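**Student:** Dropping a structure here in structure tokens format, bear with me for questions.
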Amino acid sequence: MRIRIQHDTTYRYDMPVAGVIQTLRLTPRNHDGQYVTSWRIDISADCPLACHLDAFGNTTHTFTADGPLDELIVHVEGEVDIEDTNGVISGTLERFPPSLFLRETSLTEADDAIRAFARQTTAATSGDRVATLHALVRALHDEIAFDTNPTHSATTAAEAFALKRGVCQDISHIFIAAARSIGIPARYISGYFHRADGVIEQKAGHAWVEAFVPDLGWVAFDPTNGISATDAHLRIAVGLDYLSAAPVRGTRYGGRNEDLDVHIRVEQAMRQSQN
């Protein structure tokens with residue numbers, strides 16, 4: 001499937017700010033089954049974009065925009081060809097051994113409830129790692145309701161699990177915490193998801209996970225939707241948790257309040273739709 005993305009992040013400030021510094025993880029990389037055909041980032045302010053690879057090998061852009069600014073727009077658009085690899089991820093830049101992704105973070109620390117959930121959910125899988133991971137996916141999809149209201153970007157896996165509600169970020173954090181608690185390396189993936197129900201306009205990107213399976217490597221699962229990753233998943237960035245794979249992070253100088261508006265279109269590219 002060829003997926004086309006248009007992603008606008010607009011900041012409006014009630015008082016002009018003196019300056020803005022941002023780090024963007026909004027650019028996909030090629031790997032087996034994912035091929036970028038076109039991609040660009042535009043900033044409404046007159047400033048250079050510096051590109052580098054971060055510690056995890058994500059393509060990262062940074063910029064500093066000098067004020068006064070009463071509005072700032074980050075515009076991203078591009079097209080990517082994606083093949084269904086049954087969730088198996090290969091050909092990626094790997095800077096760390098899988099064991100690094102057993103490391104807990106403040107967002108993915110498992111509490112007693114998550115550890116018990118992981119043990120009980122996977123008890124019947126007899127140590128088969130693929131079966132174990134599918135059992136976690138099914139259980140989380142059944143147990144955690146998708147709800148945008150009760151959580152926020154700093155909500156931990158334990159807090160979301162106690163609520164039994166959350167967004168894709170929360171459900172991914174719970175999966176990661178559960179997997180790591182039973183000795184399976186797992187990591188956070190940010191990107192975009194082409195919905196099969198025809199919904200194109202979205203207010204946020206998507207998040208899912210990858211877990212390490214000996215003899216297969218990294219395998220991608222989407223616990224929010226209860227499936228393995230498919231050709232509808234456009235992979236952007238990888239990290240230990242949301243913070244290390246966040247699409248946009250930054251700070252501003254001066255001003256008081258800001259209004260943030262995110263508008264994303266995820267659709268199948270027209271020329272492929274007509275084939």
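**Student:** Rounded, prolate or oblate: which fits the range 131-222 when a ≥ b ≥ c are the square roots of the eigenvalues of the alpha-carbon gyration tensor, with rounded for a/c under 1.5 and prolate only if a/b beats b/c?
**Tutor:** Note, shape of the range 131-222 comes out oblate.
**Student:** Shifting gears a bit: Between Rg and the Kirkwood Rh of the chain, both from Cα atoms, what is the Rg to Rh ratio?
**Tutor:** Numbers: Rg = 18.9 Å, Rh = 19.4 Å.
Computed over Cα atoms, the ratio is 0.98.
**Student:** What is the local net charge at residue 7, summed over the other residues whose Cβ is closer than 14 Å to its Cβ (Lys, Arg +1; Asp, Glu -1)?
**Tutor:** -2
**Student:** Can you check what the net charge comes to around residue 233, using other residues whose Cβ is under 12 Å from the Cβ of residue 233 (Lys, Arg +1; Asp, Glu -1)?
**Tutor:** Here the charged neighbours net out to -3.
**Student:** Lys/Arg Cβ at +1, Asp/Glu Cβ at -1, dipole of the chain taken about the Cα centre: which of 5, 37, 113 is farthest positive-ward?
**Tutor:** The Cα lying farthest towards the positive end belongs to 113.
**Student:** Normalised by the residues of the chain, what does the relative contact order come to in percent, with Cα pairs under 8 Å and at least six apart?
**Tutor:** 30
**Student:** When Lys and Arg each count +1 and Asp and Glu each count -1, what net charge do the other residues less than 9 Å away from residue 89, Cβ to Cβ, add up to?
**Tutor:** Taking every other residue near residue 89 into account, the sum is -1.
**Student:** If you don't mind, another one. Which of rounded, prolate or oblate describes the range 14-111 when judged by the alpha-carbon gyration tensor and an a/c cut-off of 1.5?
**Tutor:** Oblate.
**Student:** To make sure I understand, if each residue's beta carbon is the centre and we count other beta carbons within 10 Å, what order do 96, 63, 221 fall in, fewest to most?
**Tutor:** Taking fewest neighbouring Cβ atoms as first place, the list is 96, 63, 221.
**Student:** Sticking with this structure for a sec: Treating only the Cβ atoms of Lys and Arg (+1) and Asp and Glu (-1) as charged, compute the dipole magnitude of the chain about its Cα centre; round to the nearest 20 debye. Please list the in-between numbers first.
**Tutor:** Numbers: 24 positive and 36 negative charges, 88 e Å.
I would put it at about 420 debye.
**Student:** So how far, in whole Å, is the C-alpha centre of the range 171-196 from the one of the range 52-112?
**Tutor:** When both Cα centres are located, 13 Å separates them.
**Student:** For the range 85-245, calculate the relative contact order in percent as a whole number, restricting contacts to Cα pairs under 8 Å that are 6 or more residues apart.
**Tutor:** With pairs under 8 Å counted, the relative contact order is 30 percent.
**Student:** Is the range 116-275 rounded, prolate or oblate when judged by the Cα gyration tensor, a ≥ b ≥ c being the square roots of its eigenvalues, rounded requiring a/c under 1.5 and prolate requiring a/b larger than b/c?
**Tutor:** Numbers: a/c = 1.87, a/b = 1.29, b/c = 1.45.
Oblate.
**Student:** Neighbour counts of other C-beta atoms within 10 Å: give me 49, 136 arranged from fewest to most.
**Tutor:** 49, 136
**Student:** Starting with the fewest neighbours, write out 199, 213 ranked by other beta-carbon atoms found within 10 Å of each beta-carbon.
**Tutor:** Exposure proxy ranking, most exposed first: 199, 213.
**Student:** Find the Cα radius of gyration of the range 1-54, compare it with 2.2 N^0.38 Å by division, and give the number to two decimals.
**Tutor:** 1.47
**Student:** Additional query: Give me the distance in nm between label points sitting 7 Å out from Cα along the Cα-to-Cβ direction at residue 119 and residue 37, one decimal.
**Tutor:** Those two pseudo-labels are separated by 5.1 nm.
**Student:** Same structure, new question: Report relative contact order for the range 1-101 in percent, whole number only (criteria: Cα-Cα under 8 Å, sequence separation at least 6). Show your work: numbers first, answer last.
**Tutor:** Details: 186 pairs, mean separation 44.6, N = 101.
Reported as a whole number, the value is 44 percent.
**Student:** Here's another thing I want to ask about it. Can you show me the helix-derived [θ] at 222 nm for the chain, built from DSSP H runs with n ≥ 4 at -39,500 (n - 2.57) apiece and divided by the number of residues, rounded to the nearest 500.
**Tutor:** Numbers: 6 runs with 55 residues, N = 275.
Helix-only estimate at 222 nm: -5500 deg cm²/dmol.
All of the numbers you see were taken from the coordinates with simple rules; none came from a lab. Everything numeric here is computed off the predicted structure, so don't read it as measured data. Every residue, glycine among them, receives a Cβ derived from its backbone with ideal geometry; neighbour counts consider all protein chains shown.
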